[in-house]
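See structure below.
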Amino acid sequence: MIYLHQPGLICALGAGSEAIREQLFAGISPGMQSTTAYSQPTALMLGTVTTGLPSLDHAAPEHRSRNNQLLAAAYAQIEATYRIAATGIDPARIAIILGTSTSGISEGETAIAACEASGALPAGFHYGQQELGSPARWLANYLGVTGPAYCISTACSSSAKAMAAGARLLQAGLADLVLTGGVDSLAQFTVAGFSSLESVSAARCLPGSANRCGINIGEGAALFMMSRRSGSVALTGWGESSDGYHISAPDPAGMGARMAISAALARAGRSASEIGYINLHGTATRQNDAMENRVVAELLPGVPASSTKPLTGHTLGAAGAIEAALCWLALTDDAQRLPPHLWDGVADPELPALPLVGEGESSREPLRAALSTSFAFGGNNIALVLERA
């Protein structure tokens, strides 16, 4: 059995699992705010991290980025648990597998702007800050571990795939302890890119609504310690597919999504009726929600569902791990509360209705298993099944 221990978590909902637990179930997200910081002069609703972050002045120049600061904040929350678990384990048997899509691109943006103004790159800029592998390398260097350490970058499925990759390392006997999850920071690059696709909403996003018009981009990090040592939640299933339908649009028929969900359930040895909650990818774009609603209604009829992106923003490469962490919080909640689906309540008549979780709603039966979906550009799909151990 592959266990997921209490995650380090930071996002628009706040910092720390227990603080975020209360904000999540109350449907309150202090970091969701309208700002021009990344889209001047246009104001957009973004999922921002507003809490202070650790300094990385001690790190090598190529690792000094806000992205890695978010990761450092998540790691600090689980450091004590990690240090105890790592005692006596060969550093070569500890792996770090993370997902990201931005890494330190924001530092590159700042440096180029300074170069245009002054004719020279700032003294503190290092090209390595932008490299996608930087988060894993920084954490491996900081901890002094020498096992596999790498990042997966497959857009919105990145960190969920990192979690599946970490589980495979443990199952194959190639590691005894894995730190896995994802991290992404806000950047003008990603905001402009999604804006050019006409996929960004200036107001709070509305997953599943007839009025949905796009995503809110967000930032954050989630970091799990994954091991074979018994814990309160296990990662029992994962399913991956790549339909390659379009560079940015999902297959309308949802064949890849169906394959991923079905494979995850099969690996977990669970039927759809045994899943008590679904965390939808739920981006609030026209095409994603249309595809996902149809697939979920067909494969998991009657299962309570919600998209938590109105509370976190779409954290891109970190989304899969952050949403798995929110499932972890639901599975370990004594009151059996479920993450609410925040929207305007205007159902799209062209979509099958899903049993969306209302504010303050709890599971009617003991919550034993949850499923989380991530569907990325290029038709890269993954579903995870988490269970209370």
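Just give me the residues in segment 176-198 being assigned to a helix (DSSP H, G or I), more than 20 Å from the chain's Cα centre (by Cα) and either buried (at least 24 other Cβ atoms within 10 Å of the Cβ) or touching a residue at least 12 places away in the same chain (Cβ under 8 Å) (or both), in sequence order. Please lay out each step first, then the result.
Applying the first criterion (assigned to a helix (DSSP H, G or I)) to segment 176-198 yields 188-196.
Subsequent filtering for residues that are more than 20 Å from the chain's Cα centre (by Cα) retains 192, 195-196.
The answer is ALA192, SER195.
Every listed requirement among (1) hydroxyl-bearing (Ser, Thr, Tyr); (2) at pLDDT 95 or above; (3) more than 18 Å from the chain's Cα centre (by Cα); (4) more than 30 Å from ASP348 (Cα to Cα) is met by TYR127 save one, (2).
Before we move on, is ILE28 closer than 30 Å to TRP343 by Cβ and outside any helix (DSSP H, G or I)?
On the way: closer than 30 Å to TRP343 by Cβ: yes; outside any helix (DSSP H, G or I): yes.
For ILE28, the condition - closer than 30 Å to TRP343 by Cβ and outside any helix (DSSP H, G or I) - is met.
Does ALA370 count as small (Gly, Ala, Ser) and either more than 30 Å from TYR75 (Cβ to Cβ) or touching a strand residue (DSSP E or B) at 6+ places or on another chain (Cβ under 6 Å) (or both)?
On the way: small (Gly, Ala, Ser): yes; either more than 30 Å from TYR75 (Cβ to Cβ) or touching a strand residue (DSSP E or B) at 6+ places or on another chain (Cβ under 6 Å) (or both): yes.
The answer is yes for ALA370.
Residue check: is THR236 farther than 27 Å from GLU350 by Cα, buried (at least 18 other Cβ atoms within 10 Å of the Cβ) and touching a residue at least 60 places away in the same chain (Cβ under 8 Å)?
Working: farther than 27 Å from GLU350 by Cα: yes; buried (at least 18 other Cβ atoms within 10 Å of the Cβ): yes; touching a residue at least 60 places away in the same chain (Cβ under 8 Å): yes.
The answer is yes for THR236.
In segment 245-266, the residues that are under 16 Å from ASP289 (Cα atoms) reach residues that are modelled with pLDDT of 90 or more and part of a loop (DSSP other than H, G, I, E, B) with C-beta atoms within less than 8 angstrom, at least six apart or across chains, in these pairs: ILE261/LEU300.
Here's the yes/no breakdown for (1) part of a strand (DSSP E or B); (2) at pLDDT 95 or above; (3) surrounded by fewer than 14 Cβ atoms within 10 Å (Cβ to Cβ); (4) polar (S, T, N, Q):
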{"residue": "SER55", "(1), (2), (3), (4)": "no, yes, yes, yes"}
{"residue": "ALA72", "(1), (2), (3), (4)": "no, yes, no, no"}
{"residue": "ILE78", "(1), (2), (3), (4)": "no, yes, no, no"}
{"residue": "ILE89", "(1), (2), (3), (4)": "no, yes, no, no"}
{"residue": "ALA95", "(1), (2), (3), (4)": "yes, yes, no, no"}
{"residue": "SER101", "(1), (2), (3), (4)": "no, yes, no, yes"}
{"residue": "SER106", "(1), (2), (3), (4)": "no, no, no, yes"}
{"residue": "ALA111", "(1), (2), (3), (4)": "no, no, no, no"}
{"residue": "ALA114", "(1), (2), (3), (4)": "no, no, no, no"}
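Scan (1) more than 19 Å from LEU13 (Cβ to Cβ); (2) part of a helix (DSSP H, G or I) for the single condition GLY317 breaks and write down its number. That leaves (1) as the condition not met. Would you please name the residue that is surrounded by the fewest Cβ atoms within 10 Å (Cβ to Cβ), looking only at residues in segment 284-330 that are over 22 Å from PRO7 (Cβ atoms) and polar (S, T, N, Q)? The qualifying residue surrounded by the fewest Cβ atoms within 10 Å (Cβ to Cβ) is GLN287. If you go through segment 59-102 and keep only what is in contact with a helix residue (DSSP H, G or I) (Cβ under 7 Å, 6 or more places away or on another chain) and hydrophobic (A, V, I, L, M, F, W, C), you end up with ALA59, LEU71, ILE94, ALA95, ILE96, ILE97, LEU98. Looking at LEU206, LEU169, LEU223, just one residue is touching an Asp or Glu at 6+ places or on another chain (Cβ under 9 Å) and at pLDDT 95 or above, and that residue is LEU206. Checked against (1) in a helix (DSSP H, G or I); (2) surrounded by 18 or more Cβ atoms within 10 Å (Cβ to Cβ), GLY147 passes all but condition (1).
Pairing residues of segment 373-389 that are closer than 13 Å to ALA162 by Cα and at pLDDT 90 or above with residues that are acidic (Asp, Glu) and part of a helix (DSSP H, G or I), at Cβ distances under 8 Å and at least 6 apart in sequence or on separate chains, gives SER374/GLU323.
Would it be correct to say that THR283 is at pLDDT 95 or above, in a loop (DSSP other than H, G, I, E, B) and of a type in the set (Val, Ile, Thr)? I'd like the intermediate steps shown before the answer.
Working: at pLDDT 95 or above: yes; in a loop (DSSP other than H, G, I, E, B): yes; of a type in the set (Val, Ile, Thr): yes.
Spelling it out, THR283 is indeed at pLDDT 95 or above, in a loop (DSSP other than H, G, I, E, B) and of a type in the set (Val, Ile, Thr).
Which of the residues belonging to segment 154-175 are touching a strand residue (DSSP E or B) at 6+ places or on another chain (Cβ under 7 Å) and either in a loop (DSSP other than H, G, I, E, B) or among the basic types (Lys, Arg) (or both)? Hits for segment 154-175 are THR154, LYS161, ALA175. In the set ALA325, ALA297, ALA369, ALA347, only one residue is under 18 Å from ALA260 (Cα atoms), of a type in the set (A, V, I, L, M) and in contact (Cβ under 8 Å) with a residue 60 or more places away in the chain; that residue is ALA369.
Yes/no per residue for (1) assigned to a helix (DSSP H, G or I); (2) of a type in the set (Lys, Arg); (3) out of contact with any helix residue (DSSP H, G or I) (no Cβ under 6 Å at 6 or more places or on another chain):
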| site | (1), (2), (3) |
| --- | --- |
| LEU329 | yes, no, no |
| ASP333 | no, no, yes |
| HIS341 | no, no, yes |
| ASP344 | no, no, yes |
| ALA353 | no, no, yes |
| GLU365 | no, no, yes |
| LEU371 | no, no, yes |
| ASN381 | no, no, no |
| LEU386 | no, no, no |
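Taking (1) modelled with pLDDT under 95; (2) part of a strand (DSSP E or B); (3) among the hydroxyl-bearing types (Ser, Thr, Tyr) in turn, THR236 satisfies each apart from (1).
Identify the residue in segment 199-226 that is in a strand (DSSP E or B) and touching a His at 6+ places or on another chain (Cβ under 7 Å) and, among all such residues, is farthest from GLN40 (Cα to Cα). Looking at residues that are in a strand (DSSP E or B) and touching a His at 6+ places or on another chain (Cβ under 7 Å), I get MET225.
The values are calculated or read from the model by the stated rules, or taken from the named source; none is laboratory data. This one's a predicted model, so the numbers in the text were calculated from it and none came from an experiment. Positions of Cβ are generated from backbone atoms using ideal geometry, with glycine treated the same way; all protein chains shown enter the neighbour counts.
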